[in-house]
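Contents: one structure, followed by commentary.
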Amino acid sequence: MVQTSSLKSVLPAVNKEWTLFLDRDGVINVEKPMDYVRNWEEFQFNPGVLEALRLFAQQFGRILVVTNQRGIGKGYMTEQDLHDIHDKMQEKIQKHGGRIDKIYYAPELDDDGPRRKPNPTMGLEAMKDFPDIDASKSFMIGNTFSDMEFGRNIGAQTIFLPTTRTEPPMPHPLVDFLFPDLLEAAKSFQLTSTQ
Ligand SMILES: [Mg+2]
């Protein structure tokens, strides 16, 4: 049983000045163990995610996805396959009142590829695309320590979702907040922002 816990006692209230960075696999959709989601037929939203994204759309000014997609580098899928998945994902999210403003992905094969998380490159690209992003008013939500490190590297606060990995002992130097899933995190933002 995951207990919501954190180094800080409560999430800060957010508003449209805040930016949310989201990992994709294991956060938005069901992660395929040791494999890649190669087409829309294999893409499955995690429970509660569409509702979570609807809430986030009301809370955050900018919502960005940052995702490592090595399946492209490995030749399991093409960039066009990924675009098709993302187009359909976006359509579904928008139909439910949610919003993702831009999706950044790293197709590189190499573990040390400069665009791959935990390197901050995709975050820096986002800050270039949207110069009003304030790193001190941003969150990164992910299901791996690589995501948490990415968050640290761009100066964001971090939220870990133990959807596919073991819950880390808290307090943890890379993790500011812990929630069982994306919807629980979204509900918690709503509560604090309306206080
Ligand atoms: Mg992930």
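Whole-Hz Karplus values for region 126-139 come out as 4, 5, 6, 5, 10, x, 7, 5, 10, 4, 6, 10, 9, 10 Hz, taken residue by residue from phi with 6.51 cos²θ - 1.76 cosθ + 1.60 and θ = phi - 60°; glycine and proline positions read x. Using only Cα atoms, find the angle between the long axis of helix 145-154 and the longest principal axis of the chain, and express it within 0 to 90 degrees, rounded to the nearest 10. Around 70 degrees separate the two axes.
Between 84, 147, 25, find the one with the highest GNM mean-square fluctuation for the chain; connect C-alpha pairs within less than 10 Å. Taking springs between Cα atoms under 10 Å, the residue moving most is 84. In plain terms, the chain from residue 90 to residue 109 could stretch by 4.3 nm, reckoned as 0.36 nm per residue minus the Cα-Cα distance. Lysine pair count for the chain with Cα-Cα distance under 19 Å and sequence separation of 8 or more or different chains is 18.
Dividing the radius of gyration of the alpha carbons in the chain by their Kirkwood radius gives 0.93 for Rg/Rh. Please determine, in degrees from 0 to 90 and to the nearest 10, the orientation of helix 79-95 with respect to the longest principal axis defined by the Cα atoms of the chain, where the helix direction is its Cα long axis. Its long axis makes an angle of about 40 degrees. In the chain, the longest principal axis of the Cα atoms and the axis of helix 182-193 are about 40 degrees apart.
Per-residue surface analysis assigns residue 76 an accessible area of about 110 Å², computed on protein heavy atoms at 1.4 Å probe radius.
A simple spin-label model places the labels of residue 15 and residue 42 4.4 nm from each other, with each point 7 Å out along Cα-to-Cβ.
Spacing of the modelled spin labels on residue 125 and residue 76, each 7 Å from Cα toward Cβ, amounts to 2.0 nm. Per residue, the chain exposes 47 Å² of accessible surface when a 1.4 Å probe is rolled over the protein heavy atoms with every protein chain present. Out of the trypsin sites (Lys or Arg not before Pro) in region 90-189, which ones are loop residues according to DSSP with at most 16 other C-beta atoms within 10 Å? Sites meeting the loop and neighbour criteria: 99, 165.
The values are calculated or read from the model by the stated rules, or taken from the named source; none is laboratory data. Computed from a predicted model, the values in this text were never measured in an experiment. Here Cβ is always computed from backbone atoms with ideal geometry, including for glycine, and neighbour counts include all displayed protein chains. Side chains are part of the model used for accessible areas, which takes the heavy atoms of the whole protein and leaves out ligands, DNA and RNA. Shrake-Rupley method; radii C 1.70, N 1.55, O 1.52, S 1.80 Å.
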